[in-house]
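Derivation of every value follows stated rules applied to the coordinates shown; laboratory data play no part. Just so we're clear, the structure is a prediction, and the values are computed from it rather than from any experiment. Counting neighbours? That spans all protein chains shown, and the Cβs are built from the backbone with ideal geometry, glycine included.
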Amino acid sequence: MSQKNIKLKLARTEMDLTQEQLAEKVGVTRQTIGLIEAGKYNPSLKLCIAICKVLNKTLNDIFWEVE
């Protein structure tokens with residue numbers, strides 16, 4: 001996961017959430033959300049699912065990468 005996660009950022013801004021607010025809802029730090037969005041951190045499946053639930057998206061919507 002080296003590319004930026006633009007889909008995560010878009011979904012987060014659609015829900016009108018800051019990185020801080022999303023982080024709080026899923027139980028991680030703002031830095032973690034920032035790193036995921038920057039493509040510098042590979043989140044666990046558990047964290048991916050938690051993020052998707054908060055953003056009302058599927059794993060495919062946010063984390064699936066087409067080769």
Candidate aspartates and glutamates for bridging to K9, where Cα separation is under 14 Å - those fewer than 8 sequence places away on the same chain excluded: E20, E37, D61
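Do the sum for the chain: with -39,500 (n - 2.57) for every DSSP H run of n ≥ 4, divided by all residues, what is the mean residue ellipticity at 222 nm, to the nearest 500 deg cm²/dmol?
-17000 deg cm²/dmol, from helical runs alone.
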Phi to ³J(HN,Hα) by Karplus 6.51 cos²θ - 1.76 cosθ + 1.60 over the stretch 44-57, Hz, x for Gly, Pro: 5, 4, 4, 5, 4, 5, 4, 4, 4, 4, 4, 8, 6, 10
In nm, spacing of pseudo-spin labels at Q3 and T58 (7 Å Cα→C-beta vector): 1.9
Amide H within-cut-off set for G39, under 5 Å, with H built and near neighbours excluded: N5
For the chain: rounded, prolate or oblate by the Cα gyration tensor [a/c cutoff 1.5]: rounded
